């Protein structure tokens, strides 16, 4: 999978490294700002209130 | 004739083997699993650290908005009344024993949105300083973790609540194992001078919520710290554990109750801290409560 992605990246090695870094950062940002905030309330470990 | 073996041809590096299909499949599965593992680790980092940064910004904004509202010239008609709006900050809390920088704006409501900004006031419970139970929930892990350390609060530790007009000083009630040997007034630590146990195990349990018997019975089980099941909502009723006792039944103590999850990282139980109000200082007097200097 990663090998295939690496081969798809255009340009010489230095450019490929840069492109790969941007891809990784993009995925992390997507997780942090979109996926995790959406998943979090559905998980049970941060309930702090009591409900009668 | 020529029997000499020709010298071996210099070894060629073997041509790169084309991976078989099976190899590729197995490797891809492995890569996906490793990636998922990293995502889970990243989620832990998000929960424990990143939400702290997000919440710190929101808490700062809520604090600034609160400051702005308090600056507005007070309306003499209702200068002491506390006005609350859902999702907005209306008070601040301080715990001197957690350090001088421990302060949080308290918001109205205990929905997820309020709690990610700061501690939230259970709607319908008493407001600060009033008889009944001023109950607040707060996160213990991530989201600023305002209640991370409330398990470390000792009996008599001060929790100071600031509203637009007043300072209210609450002190943590004696814990269950301290009530029996609670010293007489002149032998107590200075912090505990005004803290009387509300709890009296010598009284009969079967009548404890009886409306006519009064405070001594009602507060039979109200101690400084307890751990309850998540569905035990009676810890935030005007008289904890006696949801049937209404404020109209007679004079009630002015309590403060903090709730958070327990154990840390789990929602199996709730950690509850009860405190009782010991003094009120109107801000018009121009002094801060002396309890602010109690750093241990």
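Read-outs: derived from the displayed coordinates by stated rules, not from any lab. Small disclaimer: the values here were computed from a predicted structure and weren't measured. Here the Cβ positions follow ideal geometry from the backbone for every residue, glycine too, while neighbour counts run over all protein chains shown.
Go ahead and run the numbers for FRET between residue B:64 and residue B:85, Cβ-Cβ distance against an R0 of 22 Å, rounding to 0.05. Mind showing how you got there, number by number?
Details: r = 16 Å, r/R0 = 0.72.
Once rounded, the FRET efficiency stands at 0.85.
What is the fewest-to-most order of A:32, B:93 by other Cβ atoms lying within 10 Å of their Cβ?
Working: A:32 17, B:93 23.
Fewest-to-most Cβ neighbours within 10 Å comes out as A:32, B:93.
At q = 0.18, 0.25 Å⁻¹, what log₁₀ I(q)/I(0) does a Debye calculation on the Cα points of chain A give, no solvent, two decimals?
Scattering profile of chain A, log10 relative to I(0): -0.71, -0.94.
What value, in deg cm²/dmol to 500, does the helix sum -39500 (n - 2.57) over DSSP H runs of n ≥ 4 give at 222 nm once divided by the residues of chain B?
About -6000 deg cm²/dmol.
Calculate the mean, over all residues of peptide B:42-49, of how many other protein chain Cβ atoms lie within 10 angstrom of the residue's Cβ.
On the way: counts 6, 7, 0, 3, 9, 5, 0, 0.
Average neighbour count from other chains, rounded to a whole number: 4.
Suppose each label sits 7 Å from its Cα in the direction of the beta carbon; what would the residue B:151-residue A:9 distance come out to in nanometres?
Placing both labels 7 Å beyond Cα along the Cβ direction yields 4.4 nm.
Express the relative contact order of chain B as a whole percentage, based on alpha carbon pairs under 8 Å and six or more residues apart in sequence.
On the way: 536 pairs, mean separation 51.7, N = 296.
Relative contact order here is 17 percent.
How would you classify chain B from its alpha-carbon gyration tensor, with a ≥ b ≥ c the square roots of the eigenvalues: rounded for a/c under 1.5, else prolate if a/b is greater than b/c, otherwise oblate? Walk me through the numbers on the way to the answer.
Working: a/c = 3.07, a/b = 2.34, b/c = 1.31.
It is prolate, given that a/c is not under 1.5 and a/b is the larger ratio.
No solvent, one uniform scatterer per C-alpha: report log10 I(q)/I(0) for the protein assembly as shown via the Debye equation at q = 0.08, 0.10 1/Å, two decimals.
Ignoring solvent entirely, the Cα scatterers give -0.52, -0.70.
Which value in nm describes the separation of the simple spin-label points at residue B:285 and residue B:210, placed 7 Å from the Cα toward the beta carbon?
Roughly 3.9 nm, to one decimal.
Which FRET efficiency value, to the nearest 0.05, do you get for residue B:113 and residue A:33 by plugging their Cβ-Cβ distance into 1/(1 + (r/R0)^6) with R0 = 25 Å? It would help to have the intermediate numbers written out before the result.
Details: r = 17 Å, r/R0 = 0.67.
Calculated transfer efficiency: 0.90.
How would you rank B:155, B:234, going from fewest to most other Cβ atoms within 10 Å of each one's own Cβ?
On the way: B:155 22, B:234 17.
By the 10 Å Cβ count, ascending, the order reads B:234, B:155.
What does the structure give for A:33-41 when I average, per residue, the other chain Cβ atoms found within 10 Å of the residue Cβ? All intermediate terms of the calculation are to be shown ahead of the outcome.
Values: counts 3, 0, 4, 8, 5, 0, 2, 8, 3.
For this peptide, the per-residue mean of nearby foreign Cβ atoms is 4.
With 10 angstrom as the radius, rank A:42, B:123, B:191 by how many other C-beta atoms surround their C-beta, starting from the fewest. Could the numbers behind the result be given before it?
Working: A:42 6, B:123 13, B:191 19.
Sorted ascending by nearby Cβ count, the order is A:42, B:123, B:191.
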